[in-house]
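The values are calculated or read from the model by the stated rules, or taken from the named source; none is laboratory data. What you see is a predicted model, and the numbers here were worked out from it, not measured in a lab. Note that we place each Cβ from the backbone using ideal geometry, even for glycine, and neighbour counts take in every protein chain shown.
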């Protein structure tokens, strides 16, 4: 079946603009995760969803970042008033449940803030 | 705070040799560890995982070893192939974190030479 998909694959935006990043998880996966990966660095946890609820938002860097998930499917990560330090690859992953740990990752969205 | 770290940022291996990638962790209470492989321009791909009640786990051409005494995790790749060239990340779930949150290390770049 289809894997995790993310759109857009690349996004260039001007500082101060808002951006929305989309994640389509694997069908049937109840858990969905967002990570940020700066160039040459490891993955930084942002938030995860179990169903449509987000039990852990502890990784969101500031109140400019928000995420939602609907229909236990698609998730959107929104960054308001983007800053240059927001430039990174944003990765989405999904799994059958949060205890299952084997997270299947999408290809990521490369965000560049100019 | 406590975190996962890696000993070597870059590992050069000759094709056909065995590779050993190391990871140190400082939280002795962490109960789950996982290795991911990330090829250039792609999202991370699950390799193998291990729980803290195990010392060793084998997969196809890969073995993960967990030494709780010295808080050390390693990934062994047998007969390394050019397709193994990638960045390898270890990750852990800390008991203080929610089920869905993994803490990733910085990564080790593996370069397979002919």
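In table form, for the structure just shown:
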quantity: Hey, residue A:36 within 11 Å of the chain's Cα centre (by Cα), more than 9 Å from chain B (Cβ to nearest Cβ) and within 16 Å of residue A:89 (Cα to Cα) or not; calculated: yes
quantity: The listed residue being under 30 Å from residue B:9 (Cβ atoms), surrounded by 16 or more Cβ atoms within 10 Å (Cβ to Cβ) and either touching a strand residue (DSSP E or B) at 6+ places or on another chain (Cβ under 9 Å) or touching a residue at least 12 places away in the same chain (Cβ under 8 Å) (or both), out of A:43, A:32, A:39; calculated: A:43
quantity: Check on residue A:89, touching a helix residue (DSSP H, G or I) at 6+ places or on another chain (Cβ under 8 Å), crowded, with 19+ Cβ neighbours inside 10 Å and closer than 16 Å to residue A:9 by Cα; calculated: no
quantity: Number of the exception - residue A:40 against (1) under 16 Å from residue B:43 (Cα atoms); (2) not in a loop (DSSP other than H, G, I, E, B); calculated: (2)
quantity: Search result, residues across segment A:12-25 that are more than 12 Å from every other protein chain (Cβ to nearest Cβ) and either over 16 Å from the mean Cα position of the chain (by Cα) or surrounded by 18 or more Cβ atoms within 10 Å (Cβ to Cβ) (or both); calculated: A:12, A:13, A:14, A:15, A:16, A:17, A:19, A:21, A:24, A:25
quantity: Those strands (runs of 3 or more DSSP E) lying entirely in segment B:43-114 with at least 3 residues more than 14 Å from chain A (Cβ to nearest Cβ) and either at pLDDT below 95 or under 12 Å from the mean Cα position of the chain (by Cα) (or both); calculated: B:62-67, B:72-77
quantity: Output for segment A:50-67, where each listed residue is touching a residue at least 12 places away in the same chain (Cβ under 8 Å), farther than 14 Å from residue A:30 by Cβ and not in a loop (DSSP other than H, G, I, E, B); calculated: A:65, A:66, A:67
quantity: Unmet requirement for residue B:30, which otherwise passes all of (1) surrounded by fewer than 21 Cβ atoms within 10 Å (Cβ to Cβ); (2) more than 9 Å from chain A (Cβ to nearest Cβ); calculated: (1)
quantity: Looking only at segment A:63-75, and only at residues there that are exposed (fewer than 14 other Cβ atoms within 10 Å of the Cβ) and within 16 Å of residue A:45 (Cα to Cα), the one that is farthest from the chain's Cα centre (by Cα); calculated: A:63
